1. How do the peptides 25-31, 35-41 rank, highest first, by the average count of neighbouring beta carbon atoms within 10 Å per residue?
2. Can you tell me the length gained on complete extension of the stretch Ser64 to Asp40, counting 0.36 nm per residue apart and subtracting the Cα distance?
3. Per residue, how much space in cubic angstrom lies within the convex hull of the C-alpha atoms of the chain?
4. Extension gain Leu32-Ile4, at 0.36 nm per residue separation less the Cα-Cα distance, in nm?
5. Subtract the Cα-Cα distance of Leu19 and Trp50 from 0.36 nm times their separation in residues, and report this length gain in nm to one decimal.
6. Can you spot the lysines whose alpha carbon is less than 22 Å from Lys25's alpha carbon? Ignore those fewer than 8 places along the same chain.
7. If I take every Cα pair under 8 Å that is 6 or more residues apart in the chain, average their sequence separation and divide by the length, what percent do I get for the relative contact order?
Amino acid sequence: MTHIKEQEKKRKFEQFFILTFPKVKAFAWKILHSEEDAEDIAQDIFVKLWDNPEIWENKETWDSYIYTMAR
């Protein structure tokens, strides 16, 4: 991947992260009732998502995939 493409991927992922991380963490907290565990689960999900841009680049698949991962 070229340097410019890598920068663009990072920028898009950062926007995606800022938009969705709080929702994923809140969802995990509702299940776990633990702030620390919810944060850990949310972070793990986003680490996996970084390696799968086809998921987070397609807004139509975000919610179902991410919330399934959290569950």
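1. Ranked from most to least packed, the peptides come out as 25-31, 35-41.
2. 6.7 nm
3. That works out to 76 Å³ per residue.
4. Value of the extension gain: 6.1 nm.
5. Taking 0.36 nm per residue and subtracting the Cα distance, the gain is 9.7 nm.
6. Correct list for Lys25: Lys10, Lys12, Lys48, Lys59.
7. Reported as a whole number, the value is 32 percent.
Since every read-out is calculated from the coordinates, none of them should be taken as a lab result. All values reported here derive from a predicted model rather than from experimental measurement. Backbone-built Cβ (ideal geometry, glycine too); neighbour counts: all protein chains shown.
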